[in-house]
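Trainee: Below you will find the structure I want to go over with you.
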């Protein structure tokens, strides 16, 4: 993801992140790539709802996919910058830090 500095770009990024499920997905993806089924079980939500959130995160440039055989893995987009602690994302306009990392 490109570092964005315009206030309007920052607002659009933050709108996408204004959802607890999407934040939880990003927090999990900070550690490693995940399969949809793994994410669904970790978050305890329906696959259709998870797919909706993943699509929004993908469109906004936060996540992308990689194919591993027949499996699709979701990961942070290559351009996403992690904070120096590794527990957050540097969005360019601000930093998003997770106070705790999920243990799964």
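The values are calculated or read from the model by the stated rules, or taken from the named source; none is laboratory data. Because the structure is predicted, anything quoted here is derived from the model rather than measured. Glycine also receives a Cβ, built like all others from the backbone with ideal geometry; neighbour counts cover every protein chain displayed.
Trainee: I'd like to check something: does the stretch 36-49 contain any residue that is in contact with a helix residue (DSSP H, G or I) (Cβ under 9 Å, 6 or more places away or on another chain), at pLDDT 95 or above, surrounded by fewer than 13 Cβ atoms within 10 Å (Cβ to Cβ) and not in a helix (DSSP H, G or I)?
Mentor: Checked the stretch 36-49: at least one residue is in contact with a helix residue (DSSP H, G or I) (Cβ under 9 Å, 6 or more places away or on another chain), at pLDDT 95 or above, surrounded by fewer than 13 Cβ atoms within 10 Å (Cβ to Cβ) and not in a helix (DSSP H, G or I).
Trainee: Would it be correct to say that residue 55 is part of a helix (DSSP H, G or I) and within 22 Å of residue 86 (Cβ to Cβ)? Don't jump to the end; show me each part of the working.
Mentor: On the way: part of a helix (DSSP H, G or I): yes; within 22 Å of residue 86 (Cβ to Cβ): no.
It is false that residue 55 is part of a helix (DSSP H, G or I) and within 22 Å of residue 86 (Cβ to Cβ).
Trainee: So for the stretch 61-70 (the condition being in contact with a strand residue (DSSP E or B) (Cβ under 8 Å, 6 or more places away or on another chain), closer than 30 Å to residue 8 by Cβ, outside any helix (DSSP H, G or I) and in contact (Cβ under 8 Å) with a residue 60 or more places away in the chain), does at least one residue qualify?
Mentor: Yes: the stretch 61-70 contains one or more residues that are in contact with a strand residue (DSSP E or B) (Cβ under 8 Å, 6 or more places away or on another chain), closer than 30 Å to residue 8 by Cβ, outside any helix (DSSP H, G or I) and in contact (Cβ under 8 Å) with a residue 60 or more places away in the chain.
Trainee: Sticking with this one: Within 14 Å of the chain's Cα centre (by Cα), modelled with pLDDT under 95 and surrounded by fewer than 12 Cβ atoms within 10 Å (Cβ to Cβ): is that true of residue 69 in this structure? Outline the logic, then answer.
Mentor: Numbers: within 14 Å of the chain's Cα centre (by Cα): no; modelled with pLDDT under 95: yes; surrounded by fewer than 12 Cβ atoms within 10 Å (Cβ to Cβ): yes.
No: the conditions fail for residue 69.
Trainee: Of all the residues that make up the stretch 72-89, how many are touching a residue at least 60 places away in the same chain (Cβ under 8 Å) and surrounded by 15 or more Cβ atoms within 10 Å (Cβ to Cβ)? Outline the logic, then answer.
Mentor: Within the stretch 72-89, the subset touching a residue at least 60 places away in the same chain (Cβ under 8 Å) is 77, 79-81, 89.
Then keep just the ones that are surrounded by 15 or more Cβ atoms within 10 Å (Cβ to Cβ); that gives 77, 80, 89.
The number of residues fulfilling the criteria is 3.
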